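**Student:** What follows is a single structure, and I will ask about it in a moment.
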Amino acid sequence: YLYAASNLIGNIELTGIDTGSSIIDKNRTRKELSNVEFILDDVLCKKINKKYSMIMCNGVAHHTGISLTKIIKRHSDLLEENGLYFIFVYGFGGFELKSWKFLQETVGKYPKEDVFNFWSNMINPLRVQGLMDHTYGVFYQTKRGDIECELKNNFSNFKKVKGIYGLDVTEEIYSNDDYFDVKCGSGNLRYIAYK
């Protein structure tokens, strides 16, 4: 996303946050990301003391174990007036989230390195990353009313984002699927909020 923003918008100040020092170190060496400041920190961005015009928390919050209330409040505090906030978290229920729990209870009992090497020989690297995140990482589910309440408490207004067909799993994309709630629960919850 940082690379895309840099290419699409041009000369802008970008900051990337991650808890993985190896990811930060690798990204700092990438020529195409040379204009990005990388900070080793968690989703609450405790090391940051400035304001931003936009913050994106895409598929991160539900993997942290930190309450959504704290995350959204902190991100709101880091936004300039009229700033934009994008957040994506897992919704609640459905077979998809049950399958992640199943992976944790079965495959998650094997050493990470062995599983990573096994999957890497068969699957696209981006899919391997997703499988590893869900098999060995924490994740929580969010009810639509809960996230919308937090957004209402911290932003002037917000809207739900439909998502992209083939990439996202949202009620809006699959409105003709009579079994969406069984398969996906409430689906992905994606929002743009305005400070």
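The values are calculated or read from the model by the stated rules, or taken from the named source; none is laboratory data. Because the structure is predicted, anything quoted here is derived from the model rather than measured. Here the Cβ is made from the backbone with ideal geometry for all residues, glycine too, and neighbour counts use every protein chain on show. Side chains are part of the model used for accessible areas, which takes the heavy atoms of the whole protein and leaves out ligands, DNA and RNA. Shrake-Rupley method; radii C 1.70, N 1.55, O 1.52, S 1.80 Å.
**Student:** In whole Å, what is the distance between the alpha-carbon centres of the range 23-42 and the range 116-170?
**Tutor:** 22
**Student:** Of HIS63, MET132, LEU97, which is farthest along the charge dipole of the chain in the positive direction, counting Lys and Arg as +1 and Asp and Glu as -1 at C-beta?
**Tutor:** After comparing all options, I get HIS63.
**Student:** Give me, ordered by chain and number, the residues 5 or more places off LEU79 or on other chains with an amide H under 5 Å from its own placed amide H.
**Tutor:** Hits under the 5 Å cutoff: TYR52.
**Student:** So if each residue of separation counts as 0.36 nm, and I subtract the Cα-Cα distance between LEU40 and ILE123, what length gain in nm does that give?
**Tutor:** Net length gain for the segment: 27.0 nm.
**Student:** OK, next. Rounded to the nearest whole Å², what accessible area per residue is found for the chain with the 1.4 Å probe? Please report the intermediate quantities before stating the final value.
**Tutor:** Working: 12020 Å² over 195 residues.
So the chain comes to 62 Å² accessible per residue, rounded to a whole number.
**Student:** Hey, another quick one. What are the chymotrypsin sites (Phe, Trp or Tyr not before Pro) within the range 152-195 that DSSP puts in a loop, where the Cβ has at most 11 other Cβ atoms within 10 Å? If you can, show how the numbers build up before the last one.
**Tutor:** Values: sites: PHE155, PHE158, TYR165, TYR174, TYR179, PHE180, TYR191, TYR194; in loops: PHE155, TYR165, TYR174, TYR179.
The qualifying sites are TYR165, TYR179.
**Student:** Another one. Among the lysines, which fall within straight-line cross-link reach of LYS183, defined as a Cα-Cα distance under 20 Å, with same-chain neighbours fewer than 8 residues apart omitted?
**Tutor:** By straight Cα distance, LYS183 reaches LYS98, LYS101, LYS143, LYS162.
**Student:** On full extension of the chain, what length is gained from THR19 through GLU113, given 0.36 nm per residue of separation minus the C-alpha to C-alpha distance? The partial results should precede the final answer.
**Tutor:** On the way: separation 94, 0.36 × 94 = 33.84 nm, distance 1.91 nm.
Taking THR19 through GLU113 to full extension adds about 31.9 nm, to one decimal.
**Student:** With +1 on each Lys and Arg Cβ and -1 on each Asp and Glu Cβ, and nothing else charged, work out how big the dipole of the chain is about its Cα centre, in Debye to the nearest 20.
**Tutor:** Working: 25 positive and 24 negative charges, 67 e Å.
Roughly 320 debye for the chain.
**Student:** Restricting attention to the range 132-184, which GluC sites (Glu not before Pro) occupy a DSSP loop and are surrounded by at most 14 other Cβ atoms within 10 Å? Please report the intermediate quantities before stating the final value.
**Tutor:** Working: sites: GLU148, GLU150, GLU171, GLU172; in loops: GLU171, GLU172.
Sites meeting the loop and neighbour criteria: GLU172.
**Student:** Now, a different point. What residues qualify as long-range amide H neighbours of THR170, i.e. H under 5 Å apart, gap of 5 or more or another chain, H built at 1.01 Å from N?
**Tutor:** For THR170, whose amide H was placed from the backbone, the distant partners under 5 Å are ASN188.
**Student:** A follow-up question, please. Given only helices, namely DSSP H runs of n ≥ 4 each adding -39500 (n - 2.57), what is the per-residue ellipticity at 222 nm of the chain, to the nearest 500 deg cm²/dmol?
**Tutor:** -11000 deg cm²/dmol
**Student:** Based on the Cβ-Cβ distance of ARG28 and ASP178, what FRET efficiency does E = 1/(1 + (r/R0)^6) give at R0 = 41 Å, to the nearest 0.05? Intermediate results must be reported in sequence, preceding the final value.
**Tutor:** Values: r = 48 Å, r/R0 = 1.18.
So, using R0 = 41 Å, E works out to roughly 0.25.
**Student:** Here are several values of semi-axes √(5λ) of the Cα gyration tensor in Å: (1) 27, 24, 16; (2) 25, 20, 16; (3) 22, 20, 17. Which one was derived from the coordinates shown?
**Tutor:** Computed from the coordinates, semi-axes √(5λ) of the Cα gyration tensor in Å corresponds to (1).
**Student:** Hey, what do the phi angles of the range 138-146 turn into as Karplus ³J(HN,Hα) couplings, whole Hz, using 6.51/-1.76/1.60 and θ = phi - 60°, x for Gly and Pro?
**Tutor:** So the Karplus estimates, Gly and Pro as x, are 7, 8, 10, 9, 10, 7, 4, x, 5 Hz.
**Student:** Check LYS162: other-chain or 5+ apart residues with amide H under 5 Å from its amide H, H built from backbone geometry?
**Tutor:** none
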